[in-house]
Amino acid sequence: PPAYYVQTDWTNPQTEHVLVRSTATGVVSAQVKPPQPGDQTHAIAAAGGQVFFIAWSGGGQTQIYRVQLSRTGRIAANTPVAGGSIGYVQVDSMGASPDGSLLAAAEYPNGTRGPSQVSDIVVINTRTGAHSVWSNTPAAGGTTLNYIRNLVLARGGTELGFDTLV
C-alpha cells in the first residue's frame, strides 16, 4: 500500500479541508486547504507515486488540482491541472491512470446531481489539457446510465470502468 492517503474531512462544512494521513498509523501529516475560502471538494483520485487529484468547486467553477506528496507526507506541489477548469459542473467521481497522465471525471451539468441525473465522463490528458468526452446519450430502447461512480482507468488509460444505476 502507499505510505500516505488523502481523505476529505467533512466534520465541519464551514472549514472543509483535505487531510493527508499515514497509512501505517493514521496520523495526519498535512492538510490541503481549498484554493479559495469557501471552495468545496467533490472528488479525489489517486495515481501512483503519491500523486492525488482533487476537484474543487466555488464561484461557479470547478477546477481540478494535482497534489504531489513528499516522502514524509507533506505537500510538495499543489497545482491546477492543465485542462482541469471544467466550468460549472459538479464532479462526483474521478479515476486516474497509474502514471497520472489521464484523469476521468463523472460530471453533472449545472452543479446538480442525484440518482436520476445523467452524467457525462470527461477524460483529461493532464499533460496537454486535451479533453475527450463520453456523452451519456440514451442507447437503443432509451437506456441511460445514471449516477456514475467509482471510476477506474486501466490498461494505461485505454479502458474505463465504473459503477452505475440503469
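The values are calculated or read from the model by the stated rules, or taken from the named source; none is laboratory data. Please read all numbers here as calculations on a predicted model, not as lab measurements. Cβ: placed from backbone, ideal geometry, glycine included. Neighbour counts: every protein chain shown. Side chains are part of the model used for accessible areas, which takes the heavy atoms of the whole protein and leaves out ligands, DNA and RNA. Shrake-Rupley method; radii C 1.70, N 1.55, O 1.52, S 1.80 Å.
General remarks:
- Summed over segment 11-39, residues that are open to solvent by 80 Å² or more (accessible area, probe 1.4 Å) and touching a strand residue (DSSP E or B) at 6+ places or on another chain (Cβ under 9 Å) total 6.
- Residue satisfying condition, being open to solvent by 60 Å² or more (accessible area, probe 1.4 Å), hydrophobic (A, V, I, L, M, F, W, C) and more than 16 Å from residue 9 (Cα to Cα), within set 76, 106: 76
- Checking residue 45 against (1) in contact (Cβ under 8 Å) with a residue 40 or more places away in the chain; (2) exposed (fewer than 15 other Cβ atoms within 10 Å of the Cβ); (3) of a type outside the set (D, E, K, R), the condition it does not meet: (2)
- Of the residues making up segment 48-73, those that are in contact with a Ser or Thr (Cβ under 8 Å, 6 or more places away or on another chain) and open to solvent by 60 Å² or more (accessible area, probe 1.4 Å) number 3.
- Taken together, 114, 141 contain a single residue that is open to solvent by 20 Å² or more (accessible area, probe 1.4 Å) and at pLDDT below 90, which is 141.
A quick yes/no check of all residues on (1) more than 22 Å from residue 157 (Cβ to Cβ); (2) touching an Asp or Glu at 6+ places or on another chain (Cβ under 8 Å):
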residue	(1), (2)
18	yes, yes
32	yes, no
43	no, yes
54	no, no
70	yes, no
73	yes, no
82	no, no
90	yes, yes
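- Residues being small (Gly, Ala, Ser) and open to solvent by 30 Å² or more (accessible area, probe 1.4 Å) - total across segment 119-138: 3
- Pairing residues of segment 50-62 that are at pLDDT 95 or above with residues that are assigned to a loop (DSSP other than H, G, I, E, B) and open to solvent by less than 10 Å² (accessible area, probe 1.4 Å), at Cβ distances under 8 Å and at least 6 apart in sequence or on separate chains, gives 51/100; 53/100.
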